[in-house]
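Please treat every number below as a calculation from the coordinates, not as lab data. Being a predicted model, the structure only gives us computed values, none of them experimental.
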Amino acid sequence: MPKFPTYFVSHGGGPWPYMKDQLGQKFDLLETSLQDIPRQLGATPKAVLMISGHWEEEDFTVSASPNPPMIYDYSGFPAHTYEVKYSALGSPELAIRVQSLIQDAGYSVHLDPKRGFDHGTFTVMYPMYPQAQIPVVQLSLKRSYDPELHLEVGQALAPLRKEGVLIIGSGLSYHNLRNFGPNGAEASQQFDDWLQQTLVQSEPTQRVDKLIHWTNAPAARLAHPQEDHLLPLMVAVGAAQNEPSVCVYHDENNFGGIVASSFRFGNVAA
């Protein structure tokens, strides 16, 4: 089993993979980028660990249900999107392994036997593995939003990469719900430029320091008034430690003018 890279993906808007009739080609670039990840890996993961920007708790928490239900954590979408089912299994075994790694690093972590798949998870998994044949476990964010802490937890999870587990941070590189569309275009471009420079062009040690102090970035709080959709990036970077990064998705017209990007950390087989 190869050592898998890690990913931070901008997961798009709402239940977009299930709205092709309504959205047309709006998310085609994102869909293509997600569909290409299995090819990049060169082998099928035993499981996926998803850090979703749609789940936060007082302490890190791991989903431990063997058959996770669906969580339709969006509103105002067509009726059929509240009936979709991504039928992947969970993995209590992986959940316990994740809990152990985080505890060994000195952090409090709990298991949640009832947590289901939120749309930060199933909208990413469906384009990648539409057959839902790979078990998926979710890890919550910690509500303190401490970037250094999430980087350190990512580092604690790094051994999973050699155990057949694909680690994905699912959020958005720009997430200001009040300024989607043309009003957010400039801020999203400025913050994306900073992300590209920080993640792709900087040395790994510089990358970590810049991420810890991400609020100093241009347009930082315009891009992320609340950083729930940015923190999954910290876990993905932490798990990749000193490995190189590339941009695997870049769209300059996401959400009507917003710039959005996704990144891979570590080398690939293909």
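How many angstrom lie between the Cα centre of segment 155-185 and the Cα centre of segment 239-260?
9
Can you grab the distance from the C-alpha centre of segment 6-33 to the C-alpha centre of segment 49-74, Å, no decimals?
So the two Cα centres are separated by 20 Å.
So what is the calculated 222 nm ellipticity per residue for the chain, using -39500 (n - 2.57) for each DSSP H run with n of 4 or more, over all residues, to the nearest 500 deg cm²/dmol?
Value at 222 nm, helices only: -9000 deg cm²/dmol.
Which residues' amide hydrogens lie under 5 Å from the amide hydrogen of Ala47, considering only partners 5 or more residues apart or on another chain, with H built in the peptide plane?
Under 5 Å from the amide H of Ala47 lie the amide H atoms of Leu166, each far enough along the sequence or on another chain.
Only Cα pairs within less than 10 Å get springs; with that Gaussian network setup on the chain, which residue of Pro78, Pro130, Pro147 has the largest fluctuation?
The residue that fluctuates most here is Pro78.
Using θ = phi - 60° and the Karplus form 6.51 cos²θ - 1.76 cosθ + 1.60, what ³J(HN,Hα) does each residue of segment 206-214 get, whole Hz, x for Gly and Pro?
Couplings: 5, 4, 5, 4, 5, 5, 4, 10, 4 Hz.
Take every Cα-Cα pair in segment 6-265 and report what % of them are more than 25 Å apart.
Beyond 25 Å sits 39 percent of the P(r) for segment 6-265.
Can you compute 3J(HN,Hα) from phi for each residue in segment 220-225, using the Karplus curve 6.51 cos²θ - 1.76 cosθ + 1.60 with θ = phi - 60°, rounded to whole Hz and x for Gly and Pro?
In residue order, the calculated couplings are 4, 7, 6, 7, 9, x Hz.
Scan around Ile258 for amide H atoms under 5 Å from its own, H built in the peptide plane at 1.01 Å from N, and keep only partners 5 or more places away or cross-chain.
Counting only residues 5 or more places away or on other chains, the set is Gly181.
Which length gain, in nm to one decimal place, applies between Asn242 and Lys114 when the Cα-Cα distance is subtracted from 0.36 nm times their residue separation?
Gain on stretching Asn242 to Lys114: 42.6 nm.
Could you state the orientation-averaged shadow area of the convex hull built on the Cα atoms of segment 178-241, in nm² to one decimal?
4.2
When the C-alpha atoms of segment 56-192 are aligned to their principal axes, what extent does each axis show, in angstrom, from largest down?
Ordered largest first, segment 56-192 gives principal extents of 45, 37, 27 Å.
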